[in-house]
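Colleague: Let me begin by handing over the structure; questions about it come next.
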Amino acid sequence: MSDEPVALMTFDNEAQAEKAQQLLADGGVRSFVSKDDAGGMEPQLQLTGGVRLMVSSSNAERAREILSVLGSN
């Protein structure tokens, strides 16, 4: 199985993505947040491109299980 990074979910803002990232960290899954907002100088760009939560493809299934709680809130 490949360890290529995959976009697990896309959020409207960085705060939401970081909340999900913390849930993954608590579950032992490493992840990172990817966004294109000109290095933070243009945060409104997050609205058009979103903020992606990235994981390795080998951890994607486990990460989806962990984040399934977000859909029930």
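The values are calculated or read from the model by the stated rules, or taken from the named source; none is laboratory data. Bear in mind that the values here come from a model prediction, so they are computed numbers and not experimental data. In this analysis, Cβ positions are derived from the backbone assuming ideal geometry, glycine residues included, and neighbour counts consider all displayed protein chains.
Colleague: Report every pair of residues separated by at least 6 positions or lying on different chains whose Cβ atoms are under 7 Å apart, first residue within the stretch 13-33 and modelled with pLDDT of 95 or more and of a type in the set (Ser, Thr, Tyr), second in a helix (DSSP H, G or I) and crowded, with 16+ Cβ neighbours inside 10 Å.
Modeller: Ser31/Gln21; Ser31/Leu24; Ser31/Ala63
Colleague: Separate question: Considering only residues of the stretch 34-61 that are β-branched (Val, Ile, Thr) and surrounded by 15 or more Cβ atoms within 10 Å (Cβ to Cβ), which is modelled with the lowest pLDDT?
Modeller: My answer is Val51.
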